[in-house]
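Before any comments, here is the structure.
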Amino acid sequence: MPKILIVEDEDSIRRVLRNILSEENSSWEIDDAQDGVEAIEKLSKNYDLVLCDIKMPKADGIEVLNFAREHFPDTSIVMISGHADLDTAVECMRKGAYDFISKPPDLNRFIQTVRNALDRNQLVAQVKQLKKKVSKKYEMIGSSRALGEIQSILEKIAVTDTRVLITGPNGTGKELVAHGIHEQSSRAKNAFIEVNCAAIPSELIESELFGHVKGAFTSAVKDRKGKFENAHGGTLFLDEIGDMPLNAQAKVLRVLQEGRITPVGGEKSIAVDVRVLAATNKNLDIEIREGRFREDLFHRLSVINIKVPSLNDRKEDIPVLVDHFVKLLSEQEGIVPRKFEKEAVLALQALNYSGNIRQLRNLVERLLILGGEVISAEDVKQFA
């Protein structure tokens with residue numbers, strides 16, 4: 001149920017605004033305050049929308065707006081004034097007001113503004129919920145020493161723009177490390193763009209990374225931004241960097257050196273502000289010796305090198321990972337959660353995990369579907 005606060009020092013106007021809102025939607029919860037001081041005291045009730053006069057005793061509307069933006073940034077504020085002028089409206093919008101309405105308000109515009117502001121709050125709440133789900137999806141689970149060391153490194157490097165090379169076998173969670181760096185950085189509000197270098201044909205990877213202009217090649221029917229430009233202000237994660245063709249490696253190196261890209265078929269370069277993270281399951285020292293990877297690019301990418309351990313090297317994390325996957329699969333896939341006997345968990349810890357975390361997740365899902373009401377060691381033996 002949306003909560004609305006009317007802040008107005010004139011009793012008659014407060015009553016009129018309250019009546020208009022009540023008649024428009026009886027489910028809206030409406031409160032009021034007769035001056036700025038009372039409004040500031042009431043803001044802790046977490047209103048969805050504040051309709052605030054500007055000229056008031058004790059504390060004016062600008063003070064209320066400033067306080068709300070600092071302490072309750074998700075609350076929409078609509079400023080109302082009988083002494084409206086362009087400069088005041090601009091100042092209010094610059095300080096974060098959702099909208100500015102002159103007195104006496106046009107009824108249709110007033111109601112539409114209220115509805116739009118409440119819709120905006122609902123969208124903000126939905127986005128926050130989605131971000132929580134995304135963060136949970138990429139959460140690193142475990143308390144092993146190896147994972148603790150990675151978490152410690154992340155805390156130190158996340159606040160910087162240092163380039164990081166993440167290495168380790170397939171299925172160990174290298175992308176989780178990349179997401180963790182991004183989420184803890186000052187770029188977290190901006191885009192996290194992932195490119196799987198192994199999944200893009202060699203003839204298309206330059207267009208994918210740098211974009212292209214119309215007519216650059218046969219199928220280029222319009223201009224298209226590349227991943228570097230899409231990641232401007234945020235983070236670009238180059239997964240499986242060891243599979244990138246040499247010609248593309250040379251151009252990525254130039255971007256890292258100059259901070260500019262040139263779309264395929266284009267003449268003008270474009271400045272990009274991107275933090276680059278890279279990952280590979282290959283031994284790049286061998287790739288360099290065999291001439292398949294540029295040594296100068298390796299040194300550009302690996303200012304910090306994080307090696308993600310295999311699951312075989314952190315088996316003490318398996319019990320908590322099992323609990324995590326049971327909960328995750330029940331929420332996301334609708335699979336009925338089941339309890340794992342202690343012996344079943346011990347049996348899981350005794351297995352060899354060539355497929356690492358991904359293998360364990362698949363095994364837990366298989367056991368939840370095919371195992372007994374309580375997962376036993378026999379179930380593990382049968383379905384592993």
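Read the figures in this text as sums done on the coordinates, not as results from a lab. Everything numeric here is computed off the predicted structure, so don't read it as measured data. Note: ideal-geometry Cβ built from the backbone for every residue, glycine included; neighbour counts use all protein chains shown.
State all residues of segment 329-360 that are without any contact (Cβ under 8 Å) to a residue 40 or more places away in the chain, in a helix (DSSP H, G or I) and closer than 21 Å to residue 309 by Cβ; if no residue qualifies, say none.
Once the filter is applied, which keeps residues that are without any contact (Cβ under 8 Å) to a residue 40 or more places away in the chain, in a helix (DSSP H, G or I) and closer than 21 Å to residue 309 by Cβ, segment 329-360 yields 345, 346, 348, 349.
Considering only residues that are within 29 Å of the chain's Cα centre (by Cα) and part of a loop (DSSP other than H, G, I, E, B), look in segment 283-317 and name the one that is surrounded by the fewest Cβ atoms within 10 Å (Cβ to Cβ).
Checking each candidate, the answer is 303.
Please give the strands (runs of 3 or more DSSP E) falling wholly within segment 1-75 in which 3 or more residues are free of Cβ contacts under 8 Å to residues at least 40 places away in the same chain.
29-33
Given the conditions (1) crowded, with 21+ Cβ neighbours inside 10 Å; (2) of a type in the set (A, V, I, L, M); (3) over 21 Å from residue 2 (Cα atoms), which single one is not true for residue 37?
The single condition residue 37 does not satisfy is (1).
For segment 40-59, enumerate the residues that are surrounded by fewer than 19 Cβ atoms within 10 Å (Cβ to Cβ) and either within 14 Å of residue 10 (Cβ to Cβ) or among the β-branched types (Val, Ile, Thr) (or both).
Of everything in segment 40-59, those that are surrounded by fewer than 19 Cβ atoms within 10 Å (Cβ to Cβ) and either within 14 Å of residue 10 (Cβ to Cβ) or among the β-branched types (Val, Ile, Thr) (or both) turn out to be 55, 57.
Return the residues of segment 263-280 that are surrounded by fewer than 18 Cβ atoms within 10 Å (Cβ to Cβ) and among the polar types (S, T, N, Q); say none if nothing qualifies.
The one that is surrounded by fewer than 18 Cβ atoms within 10 Å (Cβ to Cβ) and among the polar types (S, T, N, Q): 269.
Please verify whether residue 186 is within 23 Å of the chain's Cα centre (by Cα) and surrounded by fewer than 14 Cβ atoms within 10 Å (Cβ to Cβ), treating the condition exactly as stated.
For residue 186, the condition - within 23 Å of the chain's Cα centre (by Cα) and surrounded by fewer than 14 Cβ atoms within 10 Å (Cβ to Cβ) - is met.
Can you find a residue in segment 103-111 that is among the aliphatic types (A, V, I, L, M), surrounded by 14 or more Cβ atoms within 10 Å (Cβ to Cβ) and in contact (Cβ under 8 Å) with a residue 60 or more places away in the chain?
Scanning segment 103-111, I find at least one residue that is among the aliphatic types (A, V, I, L, M), surrounded by 14 or more Cβ atoms within 10 Å (Cβ to Cβ) and in contact (Cβ under 8 Å) with a residue 60 or more places away in the chain, so the answer is yes.
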